[in-house]
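The values are calculated or read from the model by the stated rules, or taken from the named source; none is laboratory data. Quantities reported herein were computed from a predicted structural model and do not represent experimental measurements. Cβ coordinates were reconstructed from backbone atoms using ideal geometry, including for glycine residues, and neighbour counts include every protein chain displayed.
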Amino acid sequence: MSSLDSQMESVVSRAREAFNTGKLHTYEQRMQYLKSIDTFLVEQEQAIVDALHADLGKPTTESLLWEVQICRSEIALAQNNLRSWMATKPASRTFVYHLAGDSAGLKPEPYGVVTVIAPWNYPIYLTLMPVVGAIAAGNCVVIKPSEVSENCSNLYRDVFTKYLPQDCFPVVTGGIPETTALLRQRVDYIFYTGSTFVGRVVMKAAAEHLTPVTLELGGKCPVYLDERSDIEMMADRVVSAKCMNAGQICVCIDYILCTREVQDRLIAAMKKALHKFFGDNMQKSSCYGRIVNDRHFQRLTSMLDSSNGTVAIDMGSDRADRFMGLKVLSDVSADDSVMKDEIFGPILPIVPIRDADEAIQFIRSKEKPLAAYVYSPDTATVEKFAEFTSSGALVANDAMAHLPLASLPFGGVGQSGIGSYHGKASFDTFSHHKSILVRHQNMEFLNKLLRYPPYSDAGSNLLRHSLYRTPDEGILLYLKALVMATLALLGLTATTFRSRH
C-alpha cells in the first residue's frame, strides 16, 4: 500500500469511527454543523471573495450571489425543514395490511461516510451545497476541493477546517494522485461534480465496492431562439448568461440554434449588449472574470483556431492576464470542432437551422445535455421542446435561472449526469429511505384464515382479491361478499322453511 493510500485509508477510517459513534445522529448535532458552515460563510466572506478573485477573477457581486448567498440560502432551507425531513413518513397500506392494523413507513437514514469531489469553476457553491445536504441527512463527509482553484482549496485547508471537527469532515487537498487514492477507499456514497470523462472514472472506481454515486456532469447545453421573440431581450439574457464566470459553467449556453435571419439580427443586438454590460474595453471591466489557468486558456484557443465558423464578435484576448472576451462564431456547421466537446468558456457558436422542428431534431441527435433553453413567446413551441427533447432541465426565455430555485432538483440525464440535488432533493440523495413495517402479535386469527396451511379456498380467494386493494376498495369488497353470503344464507333458509311446511 502506497503512503497516499495509507493516508486516505486513515482519513476515511476516522470519519467512519466518528459516524459510528453517533456524532451526526441527532437533529441538534446536524443543526450545529449546518450553523458552523453558515458562520464560516459570514465570517470569512471577504476571504472567500478574495480567493475567488485570485482563482477566477470573479466579480464581487457574482461571488456574493452565486457562491456565498446561494449556499446560505440552502443552509437556511435545510435548517427550517430538517425536523420534518428526518421524520418517518407513513406509507400507504392495502386493505389486508389495514385490516391487520399494520403500520408502514419510510425512515430516512444516512449512508455513513460520503465523499464529495468538487470542481474548480464554483469552488464554494459546488463544494458546500452537496456538503450541506450530506450533513442534513446525517453523514460524515470527506471533502475534496479542486486543486485547480488553488486559493479556494487552500482556504478550505487552512480556514474552513477550523469551523468543523476534522474527524467528521476532513478536507483532502491535492491533485489527481490524491483523488485517485481517495477513490480507492470504501465509502458509502460518492458525489462528484465535473467532466463526463472523469465521471466515468469515478463510476468505475465506485463499482469496485458497489458504492452509489451522484454524478453532476455537463454537456453541450443548447438554446433555441424563436424569431418571434424580442431580439434585444434575447441578446441581453444570452450575453449575460454566457459571460458569467467567463462561460465556465456546466449549465452555460454552449451553442445557439436559430434561423439565419435571427442570427444576423442577434449578432447586432449582442454587440450592443456587450457594450452596455462591459463598456468599450471588456478586459478592464470589473464585471468580467478570467479563465482559470493557462492550460484551459490554451484549450479554448485551440478550439477556436480549429473552427471553420466566422468570427462575428471578438472581444479580445490576453493570455498573460488569462482574459478571454466573448467570441461569437456565426454559420457554424454541425460537425465543426467547437460542436464536439463541451466548450466551458466564452466561445459561442451559432448553428443556423430552418425552424423549431429542425432544432429539436438537432438536439435529439446529440447526447442529452444538463440543461436546454428555448426563447419563444409561444406556449406551444415551449411545450414542444419540453415534450420532444430530453435534458436535465428545460428553461424557457432565460438561461440558468433554475439554479437558485431549491424546489427544482438539479441534475443531469444520460451523459450529463446521474442523480440530483438542491433543497429536499439533497437530503433525499444522501439518505437511504428504509422501509419499515410493524405488525401486531395478536392478529393470528387472520393468519390462520388467510396465510397458514392447510389452505382453504375461501381464505385464498379473499386474500387473492383483496391483497392489492385500497382500504376503501377492500371494505366494499368485504361488504359485497357479506351481502352475497347473507343472501345465499337467506335463500337456503327460505328453501328449508318451505320444504318443512
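Things to note:
- Hey, GLU109 among the charged types (D, E, K, R) and in contact with a His (Cβ under 6 Å, 6 or more places away or on another chain) or not: yes
- Residues within segment 101-145 that are under 13 Å from the mean Cα position of the chain (by Cα), surrounded by fewer than 24 Cβ atoms within 10 Å (Cβ to Cβ) and small (Gly, Ala, Ser), tallied: 0
- In segment 209-220, the qualifying residues are those that are farther than 30 Å from THR389 by Cα and in contact (Cβ under 8 Å) with a residue 12 or more places away in the chain, and the one that is surrounded by the fewest Cβ atoms within 10 Å (Cβ to Cβ) is HIS209.
- There is no residue in segment 277-297 that is under 30 Å from ILE360 (Cβ atoms) and β-branched (Val, Ile, Thr).
Okay, residues lined up against (1) touching a residue at least 40 places away in the same chain (Cβ under 8 Å); (2) out of contact with any Ser or Thr (no Cβ under 9 Å at 6 or more places or on another chain); (3) of a type outside the set (Lys, Arg):
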{"position": "GLY138", "(1), (2), (3)": "yes, no, yes"}
{"position": "VAL142", "(1), (2), (3)": "yes, no, yes"}
{"position": "GLU147", "(1), (2), (3)": "no, no, yes"}
{"position": "ASN151", "(1), (2), (3)": "yes, yes, yes"}
{"position": "LEU155", "(1), (2), (3)": "yes, yes, yes"}
{"position": "VAL159", "(1), (2), (3)": "yes, yes, yes"}
{"position": "VAL171", "(1), (2), (3)": "no, no, yes"}
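- Within segment 20-66, no residue satisfies the criterion of being free of Cβ contacts under 8 Å to residues at least 12 places away in the same chain, on the phi > 0 side of the Ramachandran plot and buried (at least 16 other Cβ atoms within 10 Å of the Cβ).
- Filtered by the rule that a residue be touching a His at 6+ places or on another chain (Cβ under 9 Å) and farther than 20 Å from LEU34 by Cα, segment 134-187 gives VAL148, ASN151, GLN185, ARG186, VAL187.
- Residue satisfying all of: in segment 172-208; of a type in the set (Phe, Trp, Tyr) and within 18 Å of PRO130 (Cβ to Cβ); surrounded by the most Cβ atoms within 10 Å (Cβ to Cβ) among these: TYR192
- Within segment 250-339, strands (runs of 3 or more DSSP E) holding 3 or more residues that are surrounded by 14 or more Cβ atoms within 10 Å (Cβ to Cβ): 253-258, 327-330
Quick grid of which residues meet (1) of a type outside the set (Val, Ile, Thr); (2) in the same structural domain as ALA136 (by TED's automatic domain parsing); (3) part of a helix (DSSP H, G or I):
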residue: LEU41; (1), (2), (3): yes, yes, yes
residue: ASP50; (1), (2), (3): yes, yes, yes
residue: LYS58; (1), (2), (3): yes, yes, no
residue: THR61; (1), (2), (3): no, yes, yes
residue: VAL68; (1), (2), (3): no, yes, yes
residue: CYS71; (1), (2), (3): yes, yes, yes
residue: LEU77; (1), (2), (3): yes, yes, yes
residue: ASN80; (1), (2), (3): yes, yes, yes
residue: SER84; (1), (2), (3): yes, yes, yes
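- Test for GLN69: is it closer than 22 Å to CYS168 by Cβ and modelled with pLDDT of 95 or more: no
- Test: residue in segment 377-395 that is over 18 Å from the mean Cα position of the chain (by Cα), in a strand (DSSP E or B) and either farther than 20 Å from MET233 by Cβ or without any contact (Cβ under 8 Å) to a residue 40 or more places away in the chain (or both): no
- Residue list for segment 73-98, filter: under 30 Å from ASP50 (Cβ atoms) and crowded, with 17+ Cβ neighbours inside 10 Å: GLU74, ILE75, LEU77, ALA78
- When residues of segment 86-108 are limited to those that are in contact with a strand residue (DSSP E or B) (Cβ under 7 Å, 6 or more places away or on another chain) and part of a helix (DSSP H, G or I), the one nearest to THR429 (Cα to Cα): MET86
- Residue within segment 277-285 that is within 24 Å of ASP355 (Cβ to Cβ) and either modelled with pLDDT of 95 or more or more than 31 Å from the chain's Cα centre (by Cα) (or both) present: no
Yes or no, residue by residue, for (1) in contact with a strand residue (DSSP E or B) (Cβ under 8 Å, 6 or more places away or on another chain); (2) assigned by TED's automatic domain parsing to the domain that holds ARG265; (3) in contact (Cβ under 8 Å) with a residue 40 or more places away in the chain:
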position: HIS296; (1), (2), (3): no, yes, yes
position: SER302; (1), (2), (3): no, yes, no
position: ILE313; (1), (2), (3): yes, yes, yes
position: ASP321; (1), (2), (3): no, yes, no
position: LYS327; (1), (2), (3): yes, yes, no
position: ILE343; (1), (2), (3): yes, yes, yes
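- The one condition in (1) part of a loop (DSSP other than H, G, I, E, B); (2) within 25 Å of MET31 (Cβ to Cβ) that ARG186 fails to fulfil: (2)
- Selection count, segment 406-460, where residues are modelled with pLDDT of 95 or more, aliphatic (A, V, I, L, M) and part of a helix (DSSP H, G or I): 1
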